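Reviewing the structure listed below.
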Amino acid sequence: MNDAAPFVRPDMRAFLDALAAMEGPAIADMTLEEARASYVALHAMADKPARELAVIRDLSCPGPAGDIPLRLYDARERREAGPLVTFFHGGGFVIGDLETHHALCTELAHLLDLPVVATHYRRAPEAPFPAAIDDCEAAARWIAGSPGALGREATGLVTIGDSAGGTATIAVGQLLSANPADVPVVLQVPLFPLAADAMGSASLDAFADGFVLTKAAVQFFDAAYQGDRTDPRAFPILGDHASAPPTVIVTAGLDPIRDSGRDYAKALAEAGRSHVFLEIEGVTHSFTNLRQAVPSTQADLERVVAAMQFMLGA
């Protein structure tokens, strides 16, 4: 791919042109409240409406700093024991929440025909690194061992998350590998994650502006989150890949943190771990939440789900 003149899908280009015409302030120029509101507004405008499901229920679990909000999604009222999906939302560890990824979680529950439990971790800058990872780990352990509270018994966890949630997905996989939960992680699915430090990467400069996520926004999130650059919980590329669970790793061709995900896929390959690597061409970061504005990305999400089902042996 020629990053000097990257391929951009027609529907993606139309959405990018529409965003540019709005001429809104950059995220780094917003207050924290404005940044969070703009993220909610973007997904409300760009993502497909949430699906109706048999079960959508808010609940919580104990965490290291108080209760952690969770939301259970299931297309079925009752379900036999089986894999259970744990979802960690994106937003740079700063601006996402259960609402910003509600529609996506309903779609995953529908397409996978598996229960999905979304986690809302503590966010920076109020709670900087490693608060989010601590919460995600605690939630995953609770979900693995709490069939009574969920009404669903997990035989294994499928961890999935986008962007910052993709980072958390890999970090939780490493933590649960080192210190197992009640059931194992049978599949992890980091979607366009920040797995390695993006600063200085070619993709960060190639897609610095005009492709939804900007270099300035990456720097804004980095400064707020204060991730330790020597700690694999912040940059999972630094961790042990020899025991990584089966993985579907997804990157976006027009993403400033694309190379970080590529680096992680390379690390999995070098460690000999079972994985599928999908780079979705012609789309930006957050494409999984742009399915109304960029209709072709619905098929991309379905490709990701097909890869997940393949890896699960479904």
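The values are calculated or read from the model by the stated rules, or taken from the named source; none is laboratory data. A quick note: this is a predicted structure, and the numbers were derived from the prediction, not measured. No Cβ is skipped: glycine too gets one built from the backbone with ideal geometry, and neighbour counts run over all protein chains shown.
Key figures for this structure:
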item: Boolean, residue 4 is exposed (fewer than 12 other Cβ atoms within 10 Å of the Cβ), out of contact with any helix residue (DSSP H, G or I) (no Cβ under 9 Å at 6 or more places or on another chain) and either at pLDDT 95 or above or not hydroxyl-bearing (Ser, Thr, Tyr) (or both); result: no
item: Evaluation of residue 25 against (1) at pLDDT below 95; (2) outside any helix (DSSP H, G or I); (3) surrounded by 14 or more Cβ atoms within 10 Å (Cβ to Cβ) (one fails), failing number; result: (3)
item: Residue within the range 77-90 that is surrounded by fewer than 21 Cβ atoms within 10 Å (Cβ to Cβ), in contact with a strand residue (DSSP E or B) (Cβ under 6 Å, 6 or more places away or on another chain) and either assigned to a loop (DSSP other than H, G, I, E, B) or of a type in the set (Lys, Arg) (or both) present; result: yes
item: Residues located in the range 161-217, provided they are hydrophobic (A, V, I, L, M, F, W, C) and on the phi > 0 side of the Ramachandran plot; result: 192, 212
item: Tabulated pairs, the range 19-45, first of a type in the set (Gly, Ala, Ser), second assigned to a helix (DSSP H, G or I), C-beta under 6 angstrom, 6+ apart or interchain; result: 26/216; 28/216; 28/220; 35/27
item: Among (1) under 22 Å from residue 27 (Cα atoms); (2) touching a His at 6+ places or on another chain (Cβ under 9 Å); (3) not in a loop (DSSP other than H, G, I, E, B) - the single one residue 70 does not satisfy; result: (1)
item: The lone exception for residue 60 - which of (1) surrounded by fewer than 20 Cβ atoms within 10 Å (Cβ to Cβ); (2) touching a Pro at 6+ places or on another chain (Cβ under 6 Å); (3) of a type outside the set (A, V, I, L, M); (4) closer than 23 Å to residue 300 by Cα it fails; result: (4)
item: Residues of the range 235-276 that turn out to be hydroxyl-bearing (Ser, Thr, Tyr), more than 16 Å from residue 168 (Cα to Cα) and touching a residue at least 40 places away in the same chain (Cβ under 8 Å), as a count; result: 1
item: Residue among 220, 310 that is farther than 19 Å from residue 112 by Cα and either in a loop (DSSP other than H, G, I, E, B) or out of contact with any Ser or Thr (no Cβ under 8 Å at 6 or more places or on another chain) (or both); result: 220
item: Failed item in (1) more than 19 Å from the chain's Cα centre (by Cα); (2) crowded, with 22+ Cβ neighbours inside 10 Å, with residue 249 passing the rest; result: (1)
item: When residues of the range 212-240 are limited to those that are under 18 Å from the mean Cα position of the chain (by Cα) and over 21 Å from residue 32 (Cβ atoms), the one surrounded by the most Cβ atoms within 10 Å (Cβ to Cβ); result: 236
item: Considering residues of the range 289-306 that are among the small types (Gly, Ala, Ser) and in contact (Cβ under 8 Å) with a residue 60 or more places away in the chain only, the residue nearest to residue 40 (Cα to Cα); result: 293
item: Single match in 283, 294, 304, 218 (criterion: within 17 Å of residue 6 (Cβ to Cβ), modelled with pLDDT of 95 or more and in contact with a Leu (Cβ under 8 Å, 6 or more places away or on another chain)); result: 283
item: Single unsatisfied condition, residue 47 versus (1) at pLDDT below 95; (2) touching a helix residue (DSSP H, G or I) at 6+ places or on another chain (Cβ under 6 Å); result: (1)
item: Subset of the range 265-289 [touching an Asp or Glu at 6+ places or on another chain (Cβ under 8 Å) and aromatic (Phe, Trp, Tyr)]; result: 287
item: Count - residues of the range 93-114 that are of a type in the set (Gly, Ala, Ser) and surrounded by fewer than 24 Cβ atoms within 10 Å (Cβ to Cβ); result: 1
item: Single residue of the range 240-286 satisfying the filter (of a type in the set (S, T, N, Q) and in a strand (DSSP E or B)) that is nearest to residue 185 (Cα to Cα); result: 247
